[in-house]
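Peer 1: A single structure is presented below for examination.
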Amino acid sequence: MTNQSLQPSLGADEKTDAIVKAARKTFLARGFDAASMDQIALTAAVSKRTVYNRFRSKEELFGAAIEETCKRILPVNVDEIESSLPPEALIRQLSRQFLEGILQPEALSLRRIAAFEAERTPSIGKSYLEHGPQWMVDMYSPILERLAAKGFLKIDNSKDAIWQLGALITEPLHMMALLGSPPADLQKAIDHQVNGGVTAFLKLYAAG
């Protein structure tokens, strides 16, 4: 009897979740280049073949780890929040949750890894963009479309508008944190960034 057979049997979805979580942990601890599929398999308590049956490459697995991080940022109760708050309060609430999420140490570390690797391995940068920022845009833009349908916003392209909102509510605070120089009072800085960013966004897109 092998050691692996002593591990509890996991379903396909559970195995995939375990692999992605193990990959995220390994990338954060070792960086992209030093992380190995063998180490990820060991951490996930699955065989290397099981990893490759689900992910064709380390780059693809990195993308899955990025998307898993984004899912942690996106509130699980978006529908509940949307139905319980007036439009402006909704935008401010989701903006704050998003900003707090991308300022988490692990999210910042994955962004640094992607930026470092992107020059020599463009597919890493592309994967981060696709599974990180673009994924978030795809998730959030329908909310703006619904607010526009209610007459609160006037927008021609919801995805362009989300990109602009993202820039307004994150910079320069995100860049400061990314480069290791966050403000001493981070919560106060988040309040200031979100309030100023949402106010500027509404000047551009509020209807009426």
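The values are calculated or read from the model by the stated rules, or taken from the named source; none is laboratory data. Please read these numbers as outputs of a predicted model, since none were measured by experiment. Every residue, glycine as well, gets a Cβ built from its backbone with ideal geometry; the counts of neighbours run over all protein chains shown.
Peer 1: Can you find, within the range 105-145, the residue that is nearest to residue 182 (Cα to Cα) among those that are outside any helix (DSSP H, G or I) and touching a residue at least 12 places away in the same chain (Cβ under 8 Å)? Walk me through how you get there before you give the answer.
Peer 2: Initial filter on the range 105-145 (outside any helix (DSSP H, G or I)): 119-121, 132.
Those still in the list that are touching a residue at least 12 places away in the same chain (Cβ under 8 Å) too: 121, 132.
Details: 121: 29, 132: 22 Å.
Filtering the range 105-145 for residues that are outside any helix (DSSP H, G or I) and touching a residue at least 12 places away in the same chain (Cβ under 8 Å), the one nearest to residue 182 (Cα to Cα) comes out as 132.
Residues checked against (1) within 30 Å of residue 184 (Cα to Cα); (2) among the charged types (D, E, K, R):
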site	(1), (2)
44	no, no
48	no, yes
59	no, yes
73	yes, no
92	yes, yes
110	yes, no
117	yes, yes
120	no, yes
132	yes, no
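Peer 1: For residue 49, indicate whether it is over 12 Å from the mean Cα position of the chain (by Cα), assigned by TED's automatic domain parsing to the domain that holds residue 174 and among the basic types (Lys, Arg). Please lay out each step first, then the result.
Peer 2: Working: over 12 Å from the mean Cα position of the chain (by Cα): yes; assigned by TED's automatic domain parsing to the domain that holds residue 174: no; among the basic types (Lys, Arg): yes.
For residue 49, the condition - over 12 Å from the mean Cα position of the chain (by Cα), assigned by TED's automatic domain parsing to the domain that holds residue 174 and among the basic types (Lys, Arg) - is not met.
Peer 1: Let me ask something additional. Output the residue which, of all residues in the range 65-94 that are more than 19 Å from residue 20 (Cα to Cα) and among the hydroxyl-bearing types (Ser, Thr, Tyr), is surrounded by the most Cβ atoms within 10 Å (Cβ to Cβ).
Peer 2: Selected residue: 84.
Peer 1: Please find, among 88, 60, the residue that is in a helix (DSSP H, G or I) and under 23 Å from residue 141 (Cβ atoms).
Peer 2: Details: 60 fails: under 23 Å from residue 141 (Cβ atoms).
Unique residue meeting the criteria: 88.
Peer 1: Condition test on residue 154, is it of a type in the set (D, E, K, R) and either touching a residue at least 60 places away in the same chain (Cβ under 8 Å) or under 18 Å from residue 78 (Cα atoms) (or both)? Write out each step before concluding.
Peer 2: Details: of a type in the set (D, E, K, R): yes; either touching a residue at least 60 places away in the same chain (Cβ under 8 Å) or under 18 Å from residue 78 (Cα atoms) (or both): no.
Judged against the criteria, residue 154 is not a match.
Peer 1: Consider residue 30 carefully, then state whether it is more than 18 Å from the chain's Cα centre (by Cα), modelled with pLDDT under 90 and exposed (fewer than 12 other Cβ atoms within 10 Å of the Cβ).
Peer 2: Values: more than 18 Å from the chain's Cα centre (by Cα): yes; modelled with pLDDT under 90: yes; exposed (fewer than 12 other Cβ atoms within 10 Å of the Cβ): no.
So residue 30 does not fit the description; no.
Peer 1: (1) farther than 22 Å from residue 81 by Cα; (2) part of a helix (DSSP H, G or I); (3) over 18 Å from the mean Cα position of the chain (by Cα): which one isn't true of residue 182, the others all being true?
Peer 2: With respect to (1) farther than 22 Å from residue 81 by Cα; (2) part of a helix (DSSP H, G or I); (3) over 18 Å from the mean Cα position of the chain (by Cα), residue 182 is out only on (2).
Peer 1: Mind checking whether some residue in the range 106-116 is surrounded by fewer than 17 Cβ atoms within 10 Å (Cβ to Cβ), of a type in the set (Phe, Trp, Tyr) and more than 22 Å from the chain's Cα centre (by Cα)?
Peer 2: No: zero hits.
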